[in-house]
Amino acid sequence: MDMVVSNLQQQRSVTEQLRREAAIKRMPVSMAVKDIIKYITEHAQDDCLLVGFSSQRVNPFREKTPCTLL
């Protein structure tokens, strides 16, 4: 009997989750891609990977100085 009640509760929670997901407003992929492209073109001048770094010091990808052991 407990197994039936547990299974029923699990099915109810799955149904509730599916209803929440079905209620989410969606947008077409073509519209989302246009928004992404617009964002990227508007923020391209701030992207260090596109325009480079102002100095090597601020570059987090620079070669680290090797450690020397005495």
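When you scan region 24-70, how many residues do you find that are of a type in the set (Lys, Arg) and under 24 Å from the mean Cα position of the chain (by Cα)?
4
So which of 53, 61 ends up being in a loop (DSSP other than H, G, I, E, B) and open to solvent by less than 100 Å² (accessible area, probe 1.4 Å)?
53
Considering region 1-24 alone, what residues qualify as being part of a loop (DSSP other than H, G, I, E, B) and either surrounded by 10 or more Cβ atoms within 10 Å (Cβ to Cβ) or at pLDDT below 95 (or both)?
Across region 1-24, the qualifying residue is only 1.
The values are calculated or read from the model by the stated rules, or taken from the named source; none is laboratory data. Source: prediction; values computed, not measured. Cβ sites come from the backbone with ideal geometry, for glycine too, and all protein chains shown count toward neighbours. Each accessible area value is taken on the protein alone, full model and side chains, heavy atoms only, with ligands, DNA and RNA left out. Shrake-Rupley method; radii C 1.70, N 1.55, O 1.52, S 1.80 Å.
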